[in-house]
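Below is one structure, written out as structure tokens, with a few remarks after it.
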Amino acid sequence: MIGTFIAFTLNGRPVTLPAGTSPTTSVLDWLRASGLTGTKEGCAEGDCGACTVVLEEAGGARTPINGCLAMLGQMQGRAIRTVEGLRGPDGAPHPIQRAMAESDGTQCGFCTPGIVMTAWAHAREGGEVHEALAGNLCRCTGYRPILEVFETLADDGAPAPALPDPAPARFEAPGQVFHLPATLPELLALRAAHPEAWLLAGGTDLGLRVSDHREKPPAIICLLNVPELHRLEATSGAIEAGAAVPYARLLALFRREAGFGPYAALLARLGSRQIRGLGTLGGNLGTASPIGDALPPLLALGATVTLASQAGTRTLPVADFLLGYRKNALAPGEVILSVTLPRPVPDALFACEKISKRHDQDIATVGAALLVRIEGGMVAEARLAFGGVGPTVARAARAEAALIGRAFDEGAVNDAAEALMQDIAPLSDWRGTAAYRRLVAQGLLRRLHLRATQPDMPADIMEVV
């Protein structure tokens, strides 16, 4: 039976929303309207972390997310924990809250609930503290006392929630319908019937259109319950990732798999833990962003994308899927099924670069993924992909040709850097001028040469100790 009421677990208790509740209402707006005002609204764009809540997974994992970007329809069958859900049965503060207060980790307190929720997830998930906090801004206290609290965290041992098996659902509100298929055939049938509907996975891009721009899409097809889109498999030759696999899972796999270290380092700078908990590679591809922080490595690795419809499947190189500014090769009735990333050839030079105003929590001014394979002292293959320097992420064919068949020396790199100016056509905006972007793109190519010829030299300011 298809569910018609949005139902989820909130702070350990089941909640069922009234019929007609807009499924695109943000979790943040609903929480605050329901009296749970501990979750704050800051930027409403997924940057500040004041709205951080935590998804409690059936296996016990805790995923911090931005409540301002997540929609109620995406919460169907899931479990959410807010800061109010941390207090003890007697109303006493959680040990993390007490530690924050006793360590002077809070002043005005506006950011504190979001930081506490990030800390609660981090206590179980672990990892690097600065990375955990990258998505939470504090304007008052400064981070030293907060970092000290994070260093002392211990998991409270709260049990994992019991969650229902994914089931199809359909939610209606005035002027809106929200479809939540649970199988691939259901998804493809819905896509054929509603080619104009938004395809929603994590919502870190589309959610912004709702939370910030206040758009009210008439039809949404949510991909979160389709198992084929969550498949993630590593083989001897490639990694295959379903279109709805969140970046957090990809990052964990890339960190374990040989050859993918540079891509992992790049993904660790894609948004924050809150963004990576929901955002997907399939979504980044589907929006065909001209910057697409995660996309240049796909072109450098020669990745392919598999598309599915009721007529069957077809596979394209990612380079052929990205057609132009916000344009892709999806035909009517098609969805992105998966992305296949070939493993870098052993001993190939592979670097993923991102130049931005801030090291964390920022969109790239220029992004690049550069792969050079050398045989017999000569460049046998060059795949140079750039983002932020044209209408879409693309390879630099002229620069590649300037390298192939030559020694990978300073002269060849300089020639390639000059040829690169014919490959890119950057614009000026608030992130940087066209001239600046040209210089940066050339510099990233030269940096690859430095990484190869002077491996002991720090090639990035963040590498300087």
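Whole-Hz Karplus values for region 83-96 come out as 4, 5, x, 8, 5, x, x, 8, x, 5, x, 5, x, 5 Hz, taken residue by residue from phi with 6.51 cos²θ - 1.76 cosθ + 1.60 and θ = phi - 60°; glycine and proline positions read x.
Backbone geometry of region 381-390 corresponds, through the Karplus equation with coefficients 6.51, -1.76 and 1.60 at θ = phi - 60°, to 3J(HN,Hα) couplings of 8, 9, 10, 10, 10, 10, x, x, 10, x Hz, x marking Gly and Pro.
How much FRET efficiency would the formula 1/(1 + (r/R0)^6) give for K216 and E172, where r is the Cβ-Cβ distance and R0 is 22 Å, rounded to 0.05?
Values: r = 13 Å, r/R0 = 0.61.
E between K216 and E172, to the nearest 0.05, is 0.95.
Compute the Kirkwood hydrodynamic radius of region 1-84, taking the inverse of the mean of 1/r over all pairs of distinct Cα atoms, and give it in Å to one decimal. After inverting the pairwise mean of 1/r, the radius is 13.0 Å. For V53, the residues whose modelled amide H falls within less than 5 Å of its own, excluding neighbours fewer than 5 places apart on the same chain, are I65, G67.
Close amide H contacts of G3 (hydrogens built in the peptide plane, cut-off under 5 Å, sequence separation of 5 or more or a different chain): A169, R170. The Rg/Rh ratio of region 229-459, with Rg taken over Cα atoms and Rh as the Kirkwood radius over Cα pairs, comes to 0.95.
Taking every DSSP beta bridge that has both ends in the chain, the antiparallel portion is near 85%. Both radii come from the Cα set of region 149-219: Rg as radius of gyration, Rh as Kirkwood radius; their ratio Rg/Rh reads 1.15. Amide H contacts of V379: G405, R406, A407, F408, each under 5 Å away and 5 or more positions distant or on a separate chain (H built 1.01 Å from N in the peptide plane; Pro and chain starts excluded).
Peptides 228-238, 105-115, 6-16 ranked from most to least packed, by the mean per-residue count of other Cβ atoms within 10 Å: 105-115, 6-16, 228-238. For the peptides 139-148, 359-368, 257-266, residues were scored by their other Cβ atoms within 10 Å and the scores averaged per peptide; the highest-first order is 359-368, 257-266, 139-148.
Each listed q (0.09, 0.16, 0.17 Å⁻¹) maps to a log10 I(q)/I(0) for region 1-225 from the Debye sum over equal C-alpha point scatterers, namely -0.38, -1.09, -1.20.
Based on protein heavy atoms only, the chain ends up with 42 Å² per residue of surface accessible to a 1.4 Å probe.
Label region 228-311 by shape, choosing from rounded, prolate and oblate, from the square roots a ≥ b ≥ c of the eigenvalues of the Cα gyration tensor; if a/c is under 1.5 it is rounded, and otherwise prolate applies when a/b is larger than b/c, oblate when it is not. Rounded. Relative protection proxy for 85-91, 379-385, 171-177, from highest mean packing down: 379-385, 171-177, 85-91 (other beta-carbon atoms within 10 angstrom).
Using the Kirkwood formula on the Cα atoms of the chain, what hydrodynamic radius do you get, in angstrom to one decimal? It would help to have the intermediate numbers written out before the result.
Values: mean 1/r = 0.0429 Å⁻¹.
Taking every pair of different Cα atoms in the chain, averaging 1/r and inverting gives 23.3 Å.
Sequence-ordered 3J(HN,Hα) estimates for region 240-255 from the Karplus curve with 6.51, -1.76 and 1.60 and θ = phi - 60° stand at 10, 10, x, 5, 9, 5, x, 4, 4, 5, 4, 4, 4, 5, 4, 5 Hz, glycine and proline given as x. Distance between the modelled labels on E84 and A434, one decimal in nanometres: 5.3 nm (7 Å Cα→Cβ projection). Between the helical axis of 112-125 and the longest alpha-carbon principal axis of the chain there is an angle of about 70 degrees.
Comparing P145, L448, A50 along the charge dipole axis of the chain, the residue lying farthest to the positive side is A50, per the Cβ-charge model.
The values are calculated or read from the model by the stated rules, or taken from the named source; none is laboratory data. This one's a predicted model, so the numbers in the text were calculated from it and none came from an experiment. Here Cβ is always computed from backbone atoms with ideal geometry, including for glycine, and neighbour counts include all displayed protein chains. Remember, those area values only see protein heavy atoms, side chains included, never the ligands or the DNA or RNA. Shrake-Rupley method; radii C 1.70, N 1.55, O 1.52, S 1.80 Å.
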